[in-house]
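**Student:** Submitted below is the structure of interest, expressed as structure tokens.
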Amino acid sequence: MKQWVTAPLDKEIAKTIAQTYGLSQFLSMMLVIRGFHSKEQIESFLNTPDSCFDPFLLKDMDLAVERIHQALDQFEKICIYGDYDADGVTSTSLLYSYLESLGADVMYYIPERESEGYGMNIDAVRKLSELGVRLIITVDNGIAAAREVEYANSLHIDTVVTDHHQQQGDILPPAVAVVDPHRLDCDCPFKNMAGVGVTFQLISALEGKDGGFSTLLENYSDLAAIGTIGDIVPLEKDNRVLVKHGLAQLSRTDRLGIQALITESGLEGKKLTSTAVAFSLVPRINAAGRLGSSRQAVKLLLSEYPDEAEDLAREIGEQNQQRQKIEGDIALQIEEYLQAHPERRFDRILVVDGENWHAGVVGIVASRVVEKYGKPCVVISREGELSRGSGRSVEGFSLSDAVYACREHLVRFGGHPMAAGITIKTDKIDDFRLAINAYAAQRHPQMPYPKLLLDCKLRPQVLSLDIVEELTLLEPFGTGNPAPLFGLYSMTLTGITPCGNRKHLRLAFQREKVKITAMRFSVTPEEFPYQPGDILDLAVTLERNEYRGEASLSIHIRDLKLHGVDEAALLQEQALYEGARRGEGLSDDKTEKLLPNREQFAVVYRYLREQKGWNYGLDVLYFRLEQKIPFAALCLILDVMEELGLVTLQTSGSLYQIHLREIAGKVNLDDSVLLQKIRNQREKGGVQSV
């Protein structure tokens, strides 16, 4: 369950923009919602320029160019030292391709994720020295490699660092040049570049002030777009330039590896959007680094032989399928763990661990858990005495701050507000779980609710292909410029049609005299909790569908809920219930919402008998009961019913599977240990977690 939030909109400003610049009211409204008010902002956004900022505004860029030109002139052996994710792989491929076109003696090196980890390492530098490397150029790493660069210096190897990560303290590596927009002393006009964006600026600088930027876009923006999208940086300013031009270039790229990857991904002949790249191309490139070797992905992107490119693309596709299976297996084990330890579901921060889970995918699994449970999550793989973990968060809770506060329990850690990575001694995992939850309780007595952000509400009368065409002017979509999500409210459900072997639903709705159909993907008829006649609110995306040469409007449902449900109020009561289950003290007003009476138990039990159980979200059950029972009390009623043997209860996120059990005789609610503990929390101001 998420709280639906509609973006603020000043309709008068939108009206003024429409009149001033000759734009439609709808497009003007979308621009205002995205924060574009001035003529300069609007023109820059709608008419993406063919240039980025001057690369020499990046600190040390002149030194980097000078040293690389020296290596080119003297035919020194150059090694590009990359990283194993999509940003690092495309950065490596881009710079290698460019330097090779200049006739450089160039090679690349990407550390193995499992055996070497992220960034430069001493053993790798030693190997490169033995291979005769005289210049290392890092891409998407290096800002924290002071020790490794110093070691390279001792071997008479120069290093040019190009990176986009934060500088750690006041220390910079002792390199010939350190090019990083996040250097504390760098005043460049745009800092939120991906690693491949910095790499693109490097080749732009190497071309010189009179170089052909449009030619660079034509030759390399395809790689730059994939890496920028893959690194989830805001698609604004220079990032928008690279991605917008890169997406156009991808559809006509002459890189055999990208062509093969597009075909293997099922995207051949389709419009290549940022969403398609993010969910089809990027995961496959990342899968090579997670399960195999990222060098395989670089080899694919640089391939000049059709058969080789097809073979590599197929292998990477198989690795991606394997990655998906591993993710699914870990996610299933986490569900089983939470079923076996239901008290953990009430933690503010979910910390789960398992034996030898693949460290390369635990971050993705953590994202899935966050999406399902609406809470920050850290997934840890136990690997002997040391364990590795990766966490994801919700907006409003800084996971990096939380991890830092628990540093005494950790061997290594790092990250940013929405994601973090840790290395921990295995016997300290429980201490870490307790510590991070104690931190959350102190800093966030009320944890942030997961939110679904809507651009605006629309009347069904305005839905048309015309507004879909206008939305294309806002592309590319991504971080900082998300695909528009619209609210269609008070829609009466009139029809439910299974399709795609009953894996999806085609739903019919009506409001006043307007009828629409919309798709709800990956939901079976058995999983759909609504019935014709229900009045629903829909969160939808609008797309253009083409079939046999005819275009039509396609409406995709991202989320839906019964009209009139106050999600914020339900989430608040859910937090009250979870706090009580953790053993937190209860005030009189909270107790009134939480502690049910006998009649409320009877109402719930009778309804469940009528329905022969339940297999949907608890918010729907609450609404079907006509909101007669406080949501917090409903949650507690089901727990007590399970305790007393009236039902079997399985939960998975917000989904409740409830089966009634046959019992002999009557059940006495006073026999409930759980109810007595909750009552004691009111009297004593809190007990230990139950």
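**Student:** Of all residues being touching a residue at least 40 places away in the same chain (Cβ under 8 Å) and out of contact with any Phe, Trp or Tyr (no Cβ under 6 Å at 6 or more places or on another chain) in region 402-423, which is nearest to His358 (Cα to Cα)? Just the residue, please.
**Tutor:** The selected residue is Gly421.
**Student:** Just to be sure, is Gly197 closer than 19 Å to Val65 by Cα, of a type outside the set (A, V, I, L, M), crowded, with 24+ Cβ neighbours inside 10 Å and within 21 Å of the chain's Cα centre (by Cα)? First the steps, then the outcome.
**Tutor:** Numbers: closer than 19 Å to Val65 by Cα: yes; of a type outside the set (A, V, I, L, M): yes; crowded, with 24+ Cβ neighbours inside 10 Å: yes; within 21 Å of the chain's Cα centre (by Cα): yes.
Criteria met by Gly197.
**Student:** Do the conditions hold for Gln19, that is, is it in the same structural domain as Glu236 (by TED's automatic domain parsing), of a type in the set (S, T, N, Q) and either over 30 Å from Ala287 (Cα atoms) or part of a helix (DSSP H, G or I) (or both)?
**Tutor:** Considered against the rule, which asks whether it is in the same structural domain as Glu236 (by TED's automatic domain parsing), of a type in the set (S, T, N, Q) and either over 30 Å from Ala287 (Cα atoms) or part of a helix (DSSP H, G or I) (or both), Gln19 comes out as no.
**Student:** Going residue by residue through region 89-96, is there one that turns out to be farther than 25 Å from Gln167 by Cβ and either in contact (Cβ under 8 Å) with a residue 40 or more places away in the chain or under 32 Å from the mean Cα position of the chain (by Cα) (or both)? Step through it out loud before you land on a result.
**Tutor:** Step one: list which residues in region 89-96 are farther than 25 Å from Gln167 by Cβ, which gives 93, 96.
If we keep only those that are either in contact (Cβ under 8 Å) with a residue 40 or more places away in the chain or under 32 Å from the mean Cα position of the chain (by Cα) (or both) as well, we get 93, 96.
Within region 89-96 (the criterion being farther than 25 Å from Gln167 by Cβ and either in contact (Cβ under 8 Å) with a residue 40 or more places away in the chain or under 32 Å from the mean Cα position of the chain (by Cα) (or both)), the answer is yes, since at least one residue qualifies.
**Student:** Any idea how many residues of region 463-495 are within 15 Å of Ala539 (Cα to Cα) and in a strand (DSSP E or B)?
**Tutor:** 8
**Student:** On to the next question. Going through region 540-565 one residue at a time, which ones are surrounded by 12 or more Cβ atoms within 10 Å (Cβ to Cβ), over 22 Å from Gln510 (Cα atoms) and acidic (Asp, Glu)?
**Tutor:** Correct list: empty.
**Student:** Here's something else I'd like to know. Residues in region 623-638 that are in a helix (DSSP H, G or I) and more than 13 Å from His659 (Cα to Cα): how many?
**Tutor:** Applying the first criterion (in a helix (DSSP H, G or I)) to region 623-638 yields 623-624, 631-638.
With more than 13 Å from His659 (Cα to Cα) added as a condition, the list becomes 623-624, 631-637.
Qualifying residue count for the region: 9.
**Student:** Which one is farthest from Val133 (Cα to Cα), of the residues in region 172-190 that are buried (at least 17 other Cβ atoms within 10 Å of the Cβ) and charged (D, E, K, R)?
**Tutor:** Applying the filter and picking the extreme gives Arg183.
**Student:** Run down Gly119, Gly142, Gly169 and say which single residue is within 30 Å of the chain's Cα centre (by Cα) and surrounded by 22 or more Cβ atoms within 10 Å (Cβ to Cβ). Quick ask: steps written out before the conclusion?
**Tutor:** Values: Gly119 fails: surrounded by 22 or more Cβ atoms within 10 Å (Cβ to Cβ); Gly169 fails: surrounded by 22 or more Cβ atoms within 10 Å (Cβ to Cβ).
Of the residues listed, the single one that is within 30 Å of the chain's Cα centre (by Cα) and surrounded by 22 or more Cβ atoms within 10 Å (Cβ to Cβ) is Gly142.
**Student:** Conditions first: (1) in a loop (DSSP other than H, G, I, E, B); (2) within 17 Å of Gly480 (Cβ to Cβ). Met30 passes all but one, so which condition is the exception?
**Tutor:** (1)
**Student:** Now for a different question. Say whether the condition of being in contact (Cβ under 8 Å) with a residue 40 or more places away in the chain, loosely packed, with under 15 Cβ neighbours inside 10 Å and not small (Gly, Ala, Ser) is met by at least one residue in region 31-47.
**Tutor:** The answer is yes; a qualifying residue exists.
**Student:** Shifting gears a bit: Provide a single number: the residues in region 348-366 that are farther than 19 Å from Tyr118 by Cβ and surrounded by fewer than 21 Cβ atoms within 10 Å (Cβ to Cβ).
**Tutor:** 3
**Student:** Considering only region 495-535, state which residues are of a type in the set (D, E, K, R) and within 13 Å of Leu560 (Cβ to Cβ).
**Tutor:** Of everything in region 495-535, those that are of a type in the set (D, E, K, R) and within 13 Å of Leu560 (Cβ to Cβ) turn out to be Arg520, Glu527, Asp534.
**Student:** Could I ask something else about it? What number of residues in region 68-85 are out of contact with any Ser or Thr (no Cβ under 6 Å at 6 or more places or on another chain) and in a strand (DSSP E or B)?
**Tutor:** Matching residues across region 68-85 total 3.
**Student:** For region 428-484, enumerate the residues that are under 30 Å from Lys561 (Cα atoms) and among the β-branched types (Val, Ile, Thr).
**Tutor:** Within region 428-484, Val462, Ile467, Val468, Thr472, Thr479 qualify.
**Student:** Of the conditions (1) closer than 18 Å to Asn239 by Cα; (2) in the same structural domain as Leu256 (by TED's automatic domain parsing); (3) of a type in the set (Ser, Thr, Tyr), Ser97 fails just one. Which one is it?
**Tutor:** All conditions pass for Ser97, except number (1).
**Student:** Residue by residue through region 578-591, note down the ones that are over 28 Å from the mean Cα position of the chain (by Cα) and surrounded by 13 or more Cβ atoms within 10 Å (Cβ to Cβ).
**Tutor:** Once the filter is applied, which keeps residues that are over 28 Å from the mean Cα position of the chain (by Cα) and surrounded by 13 or more Cβ atoms within 10 Å (Cβ to Cβ), region 578-591 yields Ala580, Arg581, Arg582, Gly583, Glu584, Gly585, Leu586, Lys590, Thr591.
**Student:** Can you give me the number of residues within region 68-82 that are on the phi < 0 side of the Ramachandran plot and in contact with a strand residue (DSSP E or B) (Cβ under 7 Å, 6 or more places away or on another chain)?
**Tutor:** Filtering region 68-82 for residues on the phi < 0 side of the Ramachandran plot gives 68-74, 76-82.
Subset that is in contact with a strand residue (DSSP E or B) (Cβ under 7 Å, 6 or more places away or on another chain): 68, 71, 76-82.
Counting residues in region 68-82 that are on the phi < 0 side of the Ramachandran plot and in contact with a strand residue (DSSP E or B) (Cβ under 7 Å, 6 or more places away or on another chain) gives 9.
Quick grid of which residues meet (1) in a helix (DSSP H, G or I); (2) modelled with pLDDT of 95 or more; (3) assigned by TED's automatic domain parsing to the domain that holds Glu584:
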{"site": "Gly414", "(1), (2), (3)": "no, no, no"}
{"site": "Gly421", "(1), (2), (3)": "no, no, no"}
{"site": "Ile424", "(1), (2), (3)": "no, yes, no"}
{"site": "Asp427", "(1), (2), (3)": "yes, yes, no"}
{"site": "Asp431", "(1), (2), (3)": "yes, yes, no"}
{"site": "Leu434", "(1), (2), (3)": "yes, yes, no"}
{"site": "Pro445", "(1), (2), (3)": "no, no, no"}
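**Student:** Next up: Quick test for you: out of Gln611, Gln572, Gln657, Gln627, pick the one residue that is polar (S, T, N, Q) and surrounded by 16 or more Cβ atoms within 10 Å (Cβ to Cβ).
**Tutor:** Numbers: Gln611 fails: surrounded by 16 or more Cβ atoms within 10 Å (Cβ to Cβ); Gln657 fails: surrounded by 16 or more Cβ atoms within 10 Å (Cβ to Cβ); Gln627 fails: surrounded by 16 or more Cβ atoms within 10 Å (Cβ to Cβ).
Residue meeting the stated conditions: Gln572.
**Student:** Additional query: Got a sec? Which of Ala64, Ala71, Ala104, Ala86 is in the same structural domain as His156 (by TED's automatic domain parsing), surrounded by 15 or more Cβ atoms within 10 Å (Cβ to Cβ), of a type in the set (A, V, I, L, M, F, W, C) and within 30 Å of the chain's Cα centre (by Cα)?
**Tutor:** Details: Ala64 fails: within 30 Å of the chain's Cα centre (by Cα); Ala71 fails: within 30 Å of the chain's Cα centre (by Cα); Ala104 fails: within 30 Å of the chain's Cα centre (by Cα).
Every option except Ala86 fails the conditions.
**Student:** Does Val620 count as in a helix (DSSP H, G or I) and over 32 Å from the mean Cα position of the chain (by Cα)? Give the derivation first.
**Tutor:** Details: in a helix (DSSP H, G or I): yes; over 32 Å from the mean Cα position of the chain (by Cα): no.
For Val620, the condition - in a helix (DSSP H, G or I) and over 32 Å from the mean Cα position of the chain (by Cα) - is not met.
**Student:** In this structure, does Thr48 turn out to be of a type in the set (Val, Ile, Thr) and at pLDDT below 95?
**Tutor:** For Thr48, the condition - of a type in the set (Val, Ile, Thr) and at pLDDT below 95 - is met.
**Student:** Please pick out the residue among Glu335, Glu318 that is within 24 Å of the chain's Cα centre (by Cα), touching a residue at least 60 places away in the same chain (Cβ under 8 Å) and part of a helix (DSSP H, G or I).
**Tutor:** Checking each option against the conditions leaves just Glu335.
**Student:** Looking only at region 239-265, how many residues end up being touching a Lys or Arg at 6+ places or on another chain (Cβ under 7 Å) and surrounded by fewer than 24 Cβ atoms within 10 Å (Cβ to Cβ)?
**Tutor:** Adding up the residues that qualify gives 2.
**Student:** Cβ-Cβ under 6 Å, sequence separation 6+ or interchain: first residue in region 658-669 and farther than 12 Å from Thr648 by Cα, partner assigned to a loop (DSSP other than H, G, I, E, B) and of a type outside the set (S, T, N, Q). Which pairs?
**Tutor:** If the second residue must be assigned to a loop (DSSP other than H, G, I, E, B) and of a type outside the set (S, T, N, Q), the pairs left are Val667/Leu644.
**Student:** Among the helices (runs of 4 or more DSSP H) confined wholly to region 181-298, which include 3 or more residues that are under 24 Å from Ile136 (Cα atoms)?
**Tutor:** 195-207, 213-230, 282-291
**Student:** Which condition number does Ala340 fail, the rest of (1) free of Cβ contacts under 8 Å to residues at least 24 places away in the same chain; (2) crowded, with 17+ Cβ neighbours inside 10 Å; (3) aliphatic (A, V, I, L, M) being met?
**Tutor:** Of the numbered conditions (1) free of Cβ contacts under 8 Å to residues at least 24 places away in the same chain; (2) crowded, with 17+ Cβ neighbours inside 10 Å; (3) aliphatic (A, V, I, L, M), the odd one out for Ala340 is (2).
**Student:** For region 163-180, enumerate the residues that are assigned to a loop (DSSP other than H, G, I, E, B), within 19 Å of Leu99 (Cβ to Cβ) and among the β-branched types (Val, Ile, Thr). Spell out how you get there, then give the answer.
**Tutor:** As a first pass, look at region 163-180 and keep what is assigned to a loop (DSSP other than H, G, I, E, B): 163-176, 180.
If we keep only those that are within 19 Å of Leu99 (Cβ to Cβ) as well, we get 163, 175-176.
The answer is Val176, and nothing else.
The values are calculated or read from the model by the stated rules, or taken from the named source; none is laboratory data. Because the structure is predicted, anything quoted here is derived from the model rather than measured. Here Cβ is always computed from backbone atoms with ideal geometry, including for glycine, and neighbour counts include all displayed protein chains.
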